[in-house]
Amino acid sequence: MCGILGVFGASVTNSNDFQEMLSTLAHRGPDDIGVIAQDNFVLGHQRLSIVDVEGGHQPLCAAGQKLYGIGKWQGTLH
């Protein structure tokens, strides 16, 4: 399982507070941490690497940095 955190609004100013909140999710994904911070939002991701260990870093950012994504995918193969 992964941990996802998002904070939105003009009050997003203290990165220490965000890092402290994100650290409470470390048990959900101890293998990788990703953060994207902009003027009015911060996205954070604690990753548990099971599949695609090398290529699964999040949050995602499209070219030009105008589209961001963060998510959890869980699939079952039959």
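So here's what we get for this one:
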| item | result |
| --- | --- |
| Tally of residues being within 18 Å of VAL7 (Cβ to Cβ) and either modelled with pLDDT of 85 or more or surrounded by 10 or more Cβ atoms within 10 Å (Cβ to Cβ) (or both) across region 30-77 | 22 |
| Tally of residues being out of contact with any helix residue (DSSP H, G or I) (no Cβ under 6 Å at 6 or more places or on another chain) and open to solvent by 80 Å² or more (accessible area, probe 1.4 Å) across region 1-14 | 4 |
| Residues of region 29-48 satisfying the condition of being closer than 18 Å to GLY69 by Cβ, in contact with a strand residue (DSSP E or B) (Cβ under 7 Å, 6 or more places away or on another chain) and not β-branched (Val, Ile, Thr) | GLY29, ASP32, GLY34, ASN40, PHE41, LEU43, GLY44, HIS45, GLN46, ARG47 |
| Complete set of residues in region 17-29 that are among the charged types (D, E, K, R) and surrounded by 14 or more Cβ atoms within 10 Å (Cβ to Cβ) | ARG28 |
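Listed here are the residues, each with its yes/no results for (1) assigned to a helix (DSSP H, G or I); (2) among the β-branched types (Val, Ile, Thr).
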residue	(1), (2)
ASN16	yes, no
LEU22	yes, no
HIS27	yes, no
PRO30	no, no
GLY34	no, no
GLY44	no, no
ILE50	no, yes
GLY56	no, no
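The values are calculated or read from the model by the stated rules, or taken from the named source; none is laboratory data. Source: prediction; values computed, not measured. Neighbour counts are summed over all protein chains in view; Cβ atoms, including those assigned to glycine, are modelled from backbone coordinates with ideal geometry. These area figures cover heavy atoms from the full protein model, side chains too; ligands, DNA and RNA do not enter into them. Shrake-Rupley method; radii C 1.70, N 1.55, O 1.52, S 1.80 Å.
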